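Quick notes on the structure that follows.
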Amino acid sequence: MSIGHTLLGLLESGPRHGYDLKRAFDEHFGQDRPLHYGQVYSTMSRLLKNGLVEVDGVEAGAGPERKRYAITDAGITDVAQWLARPEKPEPYLQSTLYTKIVLALLTDRDAAELLDTQRAEHLRLMRGLTERKRTGDLADQLICDHALFHLEADLRWLELTAARLDKLAEAVRT
Amino acid sequence: MTPEGSLLAAEGLYKSYGVTPALDGAEFSIHPGEVVAVMGPSGSGKSTLLHCLAGIISPDSGTVRYGPHTLTGMSDAQRSALRRTEFGFVFQFGQLVPELTCLENVALPLRLNGTKRKQAEQQAREWMERLEVESVHGQRPGEISGGQGQRIAVARALATRPRVIFADEPTGALDSLNGERVLTLLTNAARDTNAAVVLVTHEARVAAYSDREIVVRDGKVKDMLAGLI
Amino acid sequence: MSLLRSHAGTDGGRGGERAPTVPAPPGPLATPHTGPARWARDLAMGMRFAAGGGREGWIRTALTAAGVALGVAVLLLGSSVPTLMNSWHGREKARENLGQAHEPRPAGNTVRYASVDTTFRGAPIRGRLVRPDGAHPPIPPGIRHLPGPGRMLVSPALKELLDSPEGALLRDRLDYTVAGVIGDDGLLGPQELTYVAQSATLAAPDGYRIDHFGKSWDPPPMRAPVVLLVIMTCVALMMPVMVFIGTSVRFGNERRERRLAALRLVGADVRMTRRIASGEALFGSLLGLAGGAVLFLGGRQFASVITLWDVNVFPSDVAPGPLAAALIALLVPTAAVLVTLFAQRGVTVEPLGIVRNRPPIRRRLWWRLALPAVGTLLLVPLAWQRPWTDTPLNTIRLAAGSMLLLFGVTALLPWLVDAVVGRLRGGPVPWQLAVRRLQLSSGSATRAVSGITVAVAGAIAIHMLLTGMQAGYTHAYAQSGKLPQLGLWGTSKGWPQTQRALAALRGTTGVTAVRGAIDGLVGPMPLAGRAPARGARATVAVGSCAELRRLARLGSCRDGDTFLTDIPDRDRVIAPGATIDLNAPLAEDDPVAPHPWKIPGTARTARLIAPGHGPGTFSYDLLATPSALDTNRLNGPMTEIKVDFDRATPDAVEHIRNTAARIDPSMNEFSAVDNPHTQQYTSVRNGLFVGAAITLLLIGAGLIISTVEQLYERRRLLSTLDAYGTRRATLGWSVLWQTTLPVVLGLGLALGCGLALGSLLLSMIDSAVIVDWPAVAAMTGIGGGVILFVTVLSLPPLWRMMRPEGLRTE
């Protein structure tokens, strides 16, 4: 996720102070990992340098976080471009799960066993997400869905792999 | 191992169609108000387990207990009566009577139980409101969307205030959004009425609506909760 | 191809093996034009589907074939009637000679010939006496030589009867030696009882001289009621069969549509699927055509044992004309294809399923009412125009009117079912399920039921016609049959012979009383110089005093006396002292010489014992003793005898007939002891019931098919309902109601229409309108039986569909 683009997007609705931005970000996207003030500060200075935001005003009392930022036209264009650009699909080839499955196979362990354990763990997480969806607002639901679909995809891949490997193992053994 | 306080419990279930065993010593238990997902690959025996638990079919051996009753020793008529009064069902598709209006479909199990038509339709209307499909009460199943149809089916399953609801891939024919809506309404309503739900699915996202899951593989049941403890 | 195969060959092997030989359906681009070749190919493909559709496919094909076969058999039978009657009449014509206008002189090639028909226990026996004048007499067909004196040739059926113990009494009557058997050429039918015997004593006036066999005149046309009956039977038989053919080619329509959808998915176009569907129907109907021919050929073997309206024929007589047969062979399959195409109108088979682009039919009333209304309009004037005359125009009007009326029933039924069912609300669950089902689609059920409706309406109408006709006969026979009495009459051979006959009859077993005399017609003497004024107008009876006393109270009587009776309206010519003509002309221009006879002035008045008209009465104007009047001077004197018998004595009637035959075989009988109509009526009625029952059963079979098909379509739903704990009885009842509603409405309509048609027909033959309620009840009962039959037979598949297998997603 690009924090810069997210913060820019938040500025589109109107100029904000740095701490406002952090709060808004955390509220909408930061359930898993809240933003540090430092991240906001460094990101904003980079955006400022690129001319995507400008300082709208500084409150008396100084300190970097007292600056009020506003988005520039270039910034708006940049957000639009970012939103229009597809994310690069990430093959999870290097994921731990893949490593585990391959290892289980290599060490002649039961892939189904691994699958069941993993499914239970995944489901535990998914139940939490589902519960949060039940109580949360729309943003919550969207985020949880995203996670849920990813987790489900993991499981489906695991299931398919397990089924394939079982068959393969069977074929090898006989 | 029948856990204490369980509402519906089965042990040592064997059932075979021809030479292939569909259930091979399966066990199961569920408490009131609990939602249990039954998972497993296609052909693993999920549906057969559900049919045995609900008394739709008799296992070749093993017992199914529902409260003080032993389903496996009951006659067909007794099991039918039990299903009528104590259980509710939601299937994947094709379960609504196409000639009856939606309201009449929801009222049908009540009427099968002997409730008067007026009263049955009144209650049915309340359930339809709850499942947010009150607006289609006069339409026939062929005239409404799949999501609405499944909600009608859920309303029908809930109408008799059953103690156990059996749902076999209830969202299998729906898109994600409608599927979620149906599952939310189903599980909420079940929790509100303290009914147990046996939810057969192969989708993890659907199973995530459960309190715990069991996995059926080659006719055997693996209780993941038990496995974890 | 996998889709195609899974539909075409459901159970494995055969369908799978065939698949490679099924050509891939050509894409629309490959052959853009529709030529006869494509037609043929698509039809052939459809026929292959019908043939290779697995067990279920075969059942459907077989049902279509059965329906068509039945229709074809009936059509062939119907078209055989003219040829049948032709050959029947032809043989009758060839073997008969009822007398030649100018009697030939005796020669080597002439024969004296007389009709000596009799009846034996209700069965008519045709008897002919011959007495050749020379060595080369004419010989009727079926006979090589005329029998010698005292010998007879008999039909096989008569031979069998004579040889059987039951025929003992008849052997006494036909006192000739059996010299041989008459061949089929000389018989009307295999059951005919007939004989030809040579009598050494046959003479005029009983025997007349002929020089050839074969009559030149045509048989009189059938009587109007019988024609009506025949026309109505044809109409009533044809209608349900037509309806059934229409229904039977639609069997399995839904399944067929699904298969066609699969074909569309692999590239067939809409017109092609229609042709393939036609091919499937064609296959069934071709099978049916063959089956119908076999059924017909097999069924006509029964012709020899069936006697309808005294017509009994050889199986080979039952043969349709070549033109009719060719038309049937051509039209029935064509009709099947047309019905299929018609059924598919408004239905587009799309690759993913069926699109019914026809808006739900709004059943309009006006044209449905127009059909029976026009029919009634055609019939009502016929009913006014009494009595009914058999003209071609009338026949066409009658047939068309009845057909329209009956067709109107089939047209009205869907509307009626819709109208009634649409108003039904609420009720218990099974009722609700059935009503809702009918509200949504009543088409297939009504289609099948309309067959029942037509059959029942037709049967009721025919039955009423029969009952009405029968009531007339029954009334007449009841009047005459009240008295246990038998009349005998024949040409008089003088008083002594008559007296012998009376004595012999008195000595016969079972006879309680015998009265008889010789009678003749007398009239006034023709006035000189003027044309004979009028013919005979009084009857004279001649008998001994003892015999005359049995007819009237005479007071004193001696041979030579004459009496005038107290008969009302006696002609003024008959008066004591008046001269009358004993040889009174029977027709005005009868050129006979008068035989004057003076009524003695001493003639007294006598009171007739049983005056008046009707059986058992005597309406003589004048009584004379043999010495007073020479019976040979009378114009055609007849012996007339009335025999009272004891009903309790077994075979009293047969003994009387034997006695009569011994005295004079040419003696005729008039009696009401055997009502021939009862027997015919019973056989026709039985036939009608059997026909109606078979038709209804057949339609029941069609209903079962559509019910089971519908159950199969919804086995998933049925399993769900079972999961819900629905009682089997609940669903069973809903199937019952679903069948009952249309059938009850149909039967109601049929009753109304049948009674209306029957009443119209009865007024045409000028008969009282009588409703035979037991018969109506029986017809309705059969209809009710069909409902039960359909329901009961639908239950096992229903239970099967309710099994949890239906819940499986795969």
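Defining a contact as two alpha carbons under 8 Å apart and six or more residues distant in sequence, what relative contact order in percent does chain B show?
29 percent
Pull up the cross-link candidates among the lysines for A:K22, meaning alpha carbon to alpha carbon under 19 Å and not fewer than 8 places away within one chain.
Here the lysines satisfying the reach criterion relative to A:K22 are A:K67.
What distance in nm lies between label points placed 7 Å from Cα along the C-beta direction at C:R558 and C:N632?
The modelled label-to-label distance comes out at 2.6 nm.
May I ask you to evaluate 6.51 cos²θ - 1.76 cosθ + 1.60, the Karplus curve with θ = phi - 60°, for each residue of region B:50-55 and list the ³J(HN,Hα) values in order in whole Hz, giving x for glycine and proline?
So the Karplus estimates, Gly and Pro as x, are 4, 4, 5, 4, 7, x Hz.
Going by alpha carbons, how many degrees (0 to 90, nearest 10) lie between the helix axis of B:102-112 and the longest principal axis of chain B?
With rounding to tens, the tilt is 60 degrees.
Report Rg(Cα)/(2.2 N^0.38 Å) for region C:678-810, keeping two decimals.
Details: Rg = 20.1 Å, N = 133, 2.2 N^0.38 = 14.1 Å.
Relative to the 2.2 N^0.38 Å estimate, region C:678-810 comes out at 1.42.
With springs only between Cα atoms under 10 Å apart, run a GNM on chain B and tell me which of B:I152, B:I144, B:I30 wobbles the most.
Ranking B:I152, B:I144, B:I30 by mean-square fluctuation puts B:I144 first.
So for region B:8-228: antiparallel DSSP bridges make up what percent, rounded to the nearest 5? Could the numbers behind the result be given before it?
Details: 19 of 36 bridges.
Around 55 percent of the beta bridges assigned by DSSP in region B:8-228 are antiparallel ones.
Can you work out ³J(HN,Hα) from phi for every residue in region C:282-294, in order, using Karplus 6.51 cos²θ - 1.76 cosθ + 1.60 and θ = phi - 60°, giving whole Hz and x for Gly and Pro?
In residue order, the calculated couplings are 4, 4, x, 6, 5, 4, x, 4, 5, x, x, 5, 5 Hz.
Work out the mean other chain Cβ neighbour count within 10 Å for the residues of B:105-112 and drop it here as an integer.
If you average over the peptide's residues, the count of other-chain Cβ atoms is 3.
Using a 7 Å offset from the Cα along the Cα-to-Cβ direction at both A:R46 and C:T491, what is the distance between the two label points in nm, to one decimal?
About 14.2 nm, to one decimal.
Are there GluC sites (Glu not before Pro) in region B:116-179 that DSSP puts in a loop and that have at most 15 other Cβ atoms within 10 Å, and which ones? If you can, show how the numbers build up before the last one.
Values: sites: B:E121, B:E126, B:E129, B:E132, B:E134, B:E143; in loops: B:E132.
Taking region B:116-179 and a limit of 15 other Cβ atoms within 10 Å, the loop GluC sites (Glu not before Pro) found are B:E132.
Give me the log10 of I(q) over I(0) for region A:3-84 at q = 0.14 Å⁻¹, as the Debye formula computes it from C-alpha points; what are the numbers?
Once normalised to I(0) and log-transformed, intensities are -0.41.
What shape does region B:8-228 have by the C-alpha gyration tensor, where a ≥ b ≥ c are the square roots of the eigenvalues, rounded means a/c under 1.5, and otherwise prolate means a/b greater than b/c and oblate the rest? Kindly include the intermediate steps, with their values, before the conclusion.
Working: a/c = 1.88, a/b = 1.46, b/c = 1.28.
Note, shape of region B:8-228 comes out prolate.
At C:V374 and C:R550, where each label point lies 7 Å from the Cα along Cα→Cβ, what is the point-to-point distance in nanometres?
6.6 nm
Let a ≥ b ≥ c be the square roots of the eigenvalues of the Cα gyration tensor of region C:97-210; is it rounded (a/c under 1.5), or, if not, prolate (a/b larger than b/c) or oblate?
The shape class here is prolate.
Take every residue in peptide B:205-213, count the Cβ atoms of other chains within 10 Å of its Cβ, and give the average of those counts. Mind showing how you got there, number by number?
Details: counts 10, 3, 8, 15, 5, 4, 1, 4, 6.
Rounded to a whole number, the mean comes out at 6.
Which of the trypsin sites (Lys or Arg not before Pro) across region C:122-158 are loop residues per DSSP, with 14 or fewer other Cβ within 10 Å? All intermediate terms of the calculation are to be shown ahead of the outcome.
Working: sites: C:R126, C:R128, C:R144, C:R151; in loops: C:R144.
The qualifying sites are C:R144.
Per-residue HN-Hα couplings for region C:137-143, Karplus 6.51 cos²θ - 1.76 cosθ + 1.60 at θ = phi - 60°, whole Hz, x for Gly and Pro?
Per-residue couplings from phi come out as x, x, 10, x, x, x, 10 Hz.
Hey, can you grab everything whose amide H is under 5 Å from the amide H of A:D56? Only 5+ residues off in sequence or another chain; H modelled, so Pro and N-termini drop out.
A:R68, A:Y69, A:A70
Values in this text are rule-based calculations from the coordinates and carry no lab data. These figures come from a predicted structure and were not determined experimentally. For neighbour counting, all protein chains shown are included, and Cβ atoms are generated from backbone atoms with ideal geometry for every residue, glycine included.
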